[in-house]
Amino acid sequence: MSGWLQPRDRDPVGRTDRPIRITVDGEPVTGIAGQSVAGILLAAGRTSWRTTRSGAPRGVFCGIGACFDCLLTVNDVPDVRACRRPAADGDEVRTQSREETA
Amino acid sequence: MNVVIVGAGPAGLAAAEHALRAGAQVTVLDQAETPGGQYHRMLPEAYAAKRPDRIQHGRAEFDRRRRVLAHPRCRWWPGSTVWAFDRAEKRVHILRGPSDGSGRRRLTLVPDALILATGAHDRTLPFPGWELPGVYTAGAAQALAKGERVAIGGRVLVAGAGPFLLPVAESLLGVGAEVVAVLEANPVSTVRKGWSSRPWRLAAHAGKAGELARYAATLARHRVPYLTGRAVVEARGADRVREVVTAQVRADWSVVPGTERPYEVDAVCVGHGFSPQPELAVAAGCVLDDGFVRVDAAQRTTVDGVFAAGEITGIGGAVTAAAEGAVAGRVAAGGKPGPALIRARDRARAFAGRLAAAHPIGTAWRSWLRDDTIVCRCEETTYGELTRAAEDDSRPGAHALKLGTRAGLGPCQGRICGPTVSELCGGAERHHRPIAQPIRLGELAARTEGEPE
Ligand SMILES: Cc1cc2nc3c(=O)[nH]c(=O)nc-3n(C[C@H](O)[C@H](O)[C@H](O)COP(=O)(O)OP(=O)(O)OC[C@H]3O[C@@H](n4cnc5c(N)ncnc54)[C@H](O)[C@@H]3O)c2cc1C
Ligand code: FES
């Protein structure tokens, strides 16, 4: 089983969830306001969204902006670290390969 | 005095508090949207959480600490990345706006004193398959679970070295993941020797002892085994991790043959301690020792007017970071730290020393590596390529090694593989990153705004 967002009714912190919608390579994906782009993708069951020079898949590794494994394109701006970028309603996210940006 | 503090973690917040007490004008910057750093990780404001204290221990203390940001002599700039430091002009270059966005605001500040409190990130040693999706650092699992309430998977194995693995397991359980086991690579004899060689010193960290007891109780309640002397030595799967292999390791972390055991998992998180984030200190020209920023008894770096505190100077946990920040804040503001502050700092550092002794990295970890194991994740340089390059007499020196193998030249600029490559190939780690954080060409060309006020 891949990742998820802990359901609100089972989360002791008492969240107030405000749903937001982004698209990933054109496909709609929902999350909640405040989540990072990486958090939304992981909770949607994806573990990778970038390919390296050799074509290997990558997603989150360090989670705090140090490793640059989680790069993707947000609203046509490439090389955004998904783990550090709070998602905004309507964001258009595209997965990317190393060649595109080199 | 005008003091700029980079980083609003335990070190930066304590520095702000004490610089303000000494009468300075203070600006605190952090690239994150919320203060707290890695330890006091806050939930996003948009979650409007009513009971954040349920997952954030020491919340009351943190609320007190962060109130300094509202002090009339303090400016708090969240979402502000310091991307460079101009040594000659002592000018701090800042980008304000969404992470890695285009068209962020460019600002600069020229402080009388600069305090660097930029913290650390996980150090994860390579092993075959560690580049597979689904293999995370322990900190990533923690950031996602505690920071956004996201579980990285259903069945998760937590492994590595150090007491940090325990809060990670707790947070994973808190978002509904099953933690298969927590593996500490060091044998129980090493851990015990480090923790209790001078038990009276632990009294100064009674809070820590209570915290450890709480983790132990949580693991027991969820029937999560805590095993010492065992390590993750391989991750397997085609497109993502499906299985990890663990093995019993000796005190030097060499594998005991025949003890390998596979676990089916959705995710694995591995952390072998932390590496400092000294990019800005490097840009400022500060001398480093083994990657950590060198400081004197007053938290001064080797560069006039530049101070450092917290995990960029040594790994010791949040209490140590705050104690160092307090001293740095006082001195940077032109004050004199009282003996109580100095004593608290020295005691905390002694604790950090014990931590390091209890959870060392075994020297034989490289025996896990195979010829085709990736060492530099960005450039996919393998262990075989590195060892062959290091043995090749026609390209001696770390610089040539890098150009020959491209290790450390990818997007992360050697943040992840740097310490590993220098350990595997000999020679000091080369820190040479004039740009501490990425900036886009368009932003670079844009005019800089001066002091906004
Ligand atoms: C991912 C992760 C999770 C952790 N979780 C825990 C935990 O749950 N429990 C525990 O006991 N310990 C935890 N630790 C250990 C923790 O780092 C330390 O105990 C403590 O937070 C160190 O305090 P600090 O002030 O030195 O640094 P940090 O708390 O790391 O604070 C540094 C701050 O500097 C900011 N910063 C860095 N570079 C820049 C820049 N160029 N521009 C602007 N801002 C910048 C960062 O955004 C960060 O907020 C964690 C460590 C990591 C890496
Ligand atoms: S996961 Fe490492 S930079 Fe985002």
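Can you pull out every residue in region A:87-102 that is of a type outside the set (Asp, Glu) and either within 13 Å of ligand 2 (Cβ to nearest atom) or not in a strand (DSSP E or B) (or both)?
To start, the set of residues in region A:87-102 that are of a type outside the set (Asp, Glu) comprises A:87-88, A:90, A:93-98, A:101-102.
Selection gives A:Ala87, A:Ala88, A:Gly90, A:Thr95, A:Arg98, A:Thr101, A:Ala102.
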Check: Which of (1) of a type outside the set (Val, Ile, Thr); (2) within 14 Å of chain A (Cβ to nearest Cβ); (3) assigned to a helix (DSSP H, G or I); (4) open to solvent by less than 30 Å² (accessible area, probe 1.4 Å) does B:Gly36 not meet, given it meets every other one?
Finding: (3)
Note to self: Among the residues of region B:306-319, what is the count of those that are at pLDDT 95 or above and open to solvent by less than 20 Å² (accessible area, probe 1.4 Å)?
What the structure shows: 6
Item checked: Residue list for region A:37-85, restricted to those being under 12 Å from the mean Cα position of the chain (by Cα), open to solvent by 20 Å² or more (accessible area, probe 1.4 Å) and at positive phi -> A:Gly45
Notebook entry, point to check: Under 6 Å by Cβ, and 6 or more places apart or on different chains, what pairs join a residue from region B:331-344 that is under 13 Å from B:Leu20 (Cα atoms) with one that is open to solvent by 70 Å² or more (accessible area, probe 1.4 Å) and assigned to a loop (DSSP other than H, G, I, E, B)?
Noted result: B:Ala333/B:Met1; B:Gly334/B:Met1
Notebook entry, point to check: A:Gly90 fails exactly one of the following numbered conditions: (1) closer than 23 Å to B:Arg155 by Cβ; (2) more than 7 Å from every other protein chain (Cβ to nearest Cβ). What is the number of that condition?
Noted result: (1)
Next item on the list: Output the residue which, of all residues in region B:253-280 that are of a type in the set (D, E, K, R) and either within 16 Å of ligand 1 (Cβ to nearest atom) or touching a residue at least 40 places away in the same chain (Cβ under 8 Å) (or both), is most open to solvent (accessible area, probe 1.4 Å).
Entry: B:Glu264
Next item on the list: Looking only at region B:129-154, count how many residues are open to solvent by 10 Å² or more (accessible area, probe 1.4 Å), away from ligand 1 (no atom under 16 Å from the Cβ) and either out of contact with any Asp or Glu (no Cβ under 6 Å at 6 or more places or on another chain) or within 19 Å of B:Gly273 (Cα to Cα) (or both).
Entry: 2
Checklist line | Selected residue (only one of B:Val303, B:Val331, B:Val327 is more than 15 Å from ligand 1 (Cβ to nearest atom) and part of a helix (DSSP H, G or I)) | finding: B:Val331
Checklist line | Sole exception among (1) at the interface with another protein chain (Cβ under 10 Å from one of its Cβ atoms); (2) more than 16 Å from ligand 1 (Cβ to nearest atom); (3) open to solvent by 10 Å² or more (accessible area, probe 1.4 Å) for A:Asp25, by number | finding: (1)
Next item on the list: Could you check, for region B:84-91, whether at least one of its residues is modelled with pLDDT under 95, open to solvent by less than 70 Å² (accessible area, probe 1.4 Å) and within 14 Å of ligand 1 (Cβ to nearest atom)?
Entry: yes
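Hey, among the residues in region B:72-131 that are part of a strand (DSSP E or B), polar (S, T, N, Q) and under 23 Å from B:Pro10 (Cα atoms), which one's farthest from the other protein chains (Cβ to nearest Cβ)? Break it down stepwise before answering.
We begin by selecting, within region B:72-131, every residue part of a strand (DSSP E or B); these are B:74-77, B:80-86, B:91-96, B:105-109, B:113-116, B:120-122.
Narrowing further to those that are polar (S, T, N, Q): B:80-81, B:108.
Among the residues that remain, those that are also under 23 Å from B:Pro10 (Cα atoms) are: B:80-81.
Details: B:Ser80: 13, B:Thr81: 9 Å.
This residue is B:Ser80.
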Margin query: So for region A:6-17 (the condition being within 7 Å of chain B (Cβ to nearest Cβ), within 16 Å of ligand 1 (Cβ to nearest atom) and of a type in the set (Ser, Thr, Tyr)), does at least one residue qualify?
Written below: no
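Across region A:55-86, which residue is farthest from ligand 1 (Cβ to nearest atom) among those that are charged (D, E, K, R) and not in a strand (DSSP E or B)?
First, the residues of region A:55-86 that are charged (D, E, K, R): A:58, A:69, A:76, A:79, A:81, A:84-85.
When the remaining residues are screened for being not in a strand (DSSP E or B), the result is A:69, A:76, A:84-85.
On the way: A:Asp69: 14, A:Asp76: 25, A:Arg84: 9, A:Arg85: 14 Å.
Step by step, filter region A:55-86, then rank; the result is A:Asp76.
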Notebook entry, point to check: Of the residues in region B:136-160, how many are more than 14 Å from the chain's Cα centre (by Cα) and either part of a loop (DSSP other than H, G, I, E, B) or more than 7 Å from chain A (Cβ to nearest Cβ) (or both)?
Noted result: 13
Check: Got at least one residue in region B:11-20 being open to solvent by 30 Å² or more (accessible area, probe 1.4 Å) and either assigned to a loop (DSSP other than H, G, I, E, B) or within 14 Å of ligand 1 (Cβ to nearest atom) (or both)?
Finding: no
Notebook entry, point to check: For region B:345-390, how many residues are more than 19 Å from A:Arg53 (Cα to Cα), in a helix (DSSP H, G or I) and open to solvent by 40 Å² or more (accessible area, probe 1.4 Å)?
Noted result: 11
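Which of the residues spanning region A:52-82 are more than 8 Å from ligand 2 (Cβ to nearest atom), at the interface with chain B (Cβ under 7 Å from one of its Cβ atoms) and not hydrophobic (A, V, I, L, M, F, W, C)?
Step one: list which residues in region A:52-82 are more than 8 Å from ligand 2 (Cβ to nearest atom), which gives A:52-58, A:72-80.
With at the interface with chain B (Cβ under 7 Å from one of its Cβ atoms) added as a condition, the list becomes A:52-54, A:56-58, A:77, A:79-80.
Result: A:Thr52, A:Arg53, A:Ser54, A:Pro57, A:Arg58, A:Asp79.
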Next item on the list: Go through region B:287-305 and count every residue that is surrounded by 13 or more Cβ atoms within 10 Å (Cβ to Cβ), out of contact with any helix residue (DSSP H, G or I) (no Cβ under 6 Å at 6 or more places or on another chain) and at pLDDT 95 or above.
Entry: 6
Notebook entry, point to check: In region B:168-188, which residue that is open to solvent by 20 Å² or more (accessible area, probe 1.4 Å) and within 13 Å of ligand 1 (Cβ to nearest atom) is farthest from the other protein chains (Cβ to nearest Cβ)?
Noted result: B:Glu170
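The values are calculated or read from the model by the stated rules, or taken from the named source; none is laboratory data. All of these numbers come straight from a predicted model, not from anything done at the bench. Neighbour counts are summed over all protein chains in view; Cβ atoms, including those assigned to glycine, are modelled from backbone coordinates with ideal geometry. All accessible areas refer to the heavy atoms of the entire protein, side chains included, with ligands and DNA or RNA removed. Shrake-Rupley method; radii C 1.70, N 1.55, O 1.52, S 1.80 Å.
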